[in-house]
1. Computed over the Cα atoms, what is the radius of gyration of segment 9-99 divided by 2.2 N^0.38 Å, N being its residue count?
2. Once you sort the root eigenvalues of the Cα gyration tensor of segment 130-182 as a ≥ b ≥ c, which label holds: rounded (a/c under 1.5), prolate (a/b larger than b/c) or oblate (the other case)?
3. How big is the gap, in Å, between the Cα center of segment 114-173 and the Cα center of segment 251-323?
4. Would you work out the relative contact order for segment 114-237, in percent, from Cα pairs under 8 angstrom that are 6 or more residues apart?
5. How would segment 194-236 be classified by its alpha-carbon gyration tensor: rounded, prolate or oblate, with rounded meaning a/c under 1.5 and the a/b versus b/c comparison settling the rest?
6. Let me check against my output: what whole-number percent is the relative contact order of segment 189-252, with C-alpha pairs under 8 Å and at least 6 apart?
7. Over the alpha carbons of segment 235-347, what is the largest minus smallest coordinate on each principal axis, giving the biggest first in Å?
8. Over segment 333-385, what number does the Rg to Rh ratio reach, with both radii from the alpha-carbon atoms and Rh per Kirkwood?
Amino acid sequence: MVAIKSLKDTKVFAPITVGQAQLSNRIVFAPTTRKRALDDHTPSDLELQHYDDRTKYPGSLVITEATIASPRFGVYSNVPGLFTKKHAQAWKKIVDRVHENGSKIAVQLWGLGRVADPVATKEAGFPLIGPSAIYENEDAKKAAEAAGNPLRSLTEEEIQEFIYKEYDNAARLAVEAGFDFVEIHGANGYLVDQFLQADTNKRTDRYGGSIEKRSRYALDVLDHVGSIVGWDKLAIRLSPWGKFGGMGGADGEVSPVGQFGYLLSEIERRRRQGNAIGYVSLVEPRVYGNVDADDVPFGSNDFVRSVFKGPLVRAGGYGDDAALFKTLLDDVEDGNTLIAFSRYYTSNPDLVQRLHDGSDLTHYEREFFYTSSNWGYNSYPAAGGKALVEDIEKLRVALPIH
Ligand code: PHB
């Protein structure tokens, strides 16, 4: 348990409007991959409970775990998808429950690219692809070659199909499911990020070769998905300094400030011209993907504010100074910033209520993050609630939502 102070009388609990969404507080459930979906990537009953439990404080915002927008982008097992009607129908039940709770939900649309599982992707019938045929590391190369699914670069025609057919399909399904926001996963070394960064994008066509051209894929995706869902329901997540997935971070070929500053300036330009994005979400350099940065690099996301003036969601390590939450309180001070939690939101389903009341936080158990049972997932009670029985929850696995 971690004792904390109440944030009730701070800006954290001042209402804020993000896009069309009226929120009662500035705490967000960050996208949190947990592998509790069904084998065909349909979200499960366990996920329904997970998002239900985390939206009981009315006016909260949760962002779904990374959700495969198309198997052509690459596949991992037992993560959810949003590329079939069946997926959309299951997601709709989750969205409806969140809305009954008076809260809001964003779907995070994911394209894996070079870091996809070459075996699972081959089984789904698709090649392993990236902007360029550059593996994350030697092990990834060996695994892809052993699977008979070596990494290859996308053709320009495939890129067009990815944007205007695959993202198009996922965006329309997101509208059908009733999501409040569609967040493009542009972070953590996945496909959009692979296009953005010079170390992973050696293309010489319209999609690579300069800061502007490397930004084109992200911007084309935003422009197209924005035209379907509406810009006020659109969002993007970025990790300028991240090294997760073999990315360069501060040691990359091109300064993140240059690359991401340009991308953000284009997003800001659209905002000023009337296409205002719902929010931009940032991974802080304190965390790389799902691991703590042990060599915090030179760099800070503070540059973002001098470019992008809309709502920001910042995530990564804000629980590290739980007790006083000094960094969190400093960062919300600009009035247009929300703070997202992942790990503490796993182990505290009622996190917003606890921050409001100043109730102790339960510590998370990392060893159950990527297992398949309910233990370590929906087994953490709300404050004052009854603990569940380990042996029983370890037997409980994902089932269809009915
Ligand atoms: C993960 O599967 O560990 C993961 C997924 C999405 C992220 C980061 C990490 O953005």
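1. Values: Rg = 14.5 Å, N = 91, 2.2 N^0.38 = 12.2 Å.
Cα Rg divided by the expected 2.2 N^0.38 Å: 1.19.
2. Values: a/c = 3.37, a/b = 2.14, b/c = 1.58.
Judged from the Cα gyration tensor, segment 130-182 comes out prolate (a/c at least 1.5, a/b above b/c).
3. Each part's Cα centre sits 26 Å from the other's.
4. Details: 159 pairs, mean separation 31.4, N = 124.
It comes to 25 percent, rounded to a whole number.
5. On the way: a/c = 3.78, a/b = 2.57, b/c = 1.47.
Here segment 194-236 falls in the prolate category.
6. On the way: 58 pairs, mean separation 21.6, N = 64.
Relative contact order of segment 189-252: 34 percent.
7. 41, 34, 22
8. Working: Rg = 12.8 Å, Rh = 12.3 Å.
Radius of gyration over Kirkwood radius for segment 333-385 works out to 1.04.
No lab work stands behind these numbers, since they all come straight from the coordinates. Everything quoted here is computed from the prediction, not taken from an experiment. Cβ: placed from backbone, ideal geometry, glycine included. Neighbour counts: every protein chain shown.
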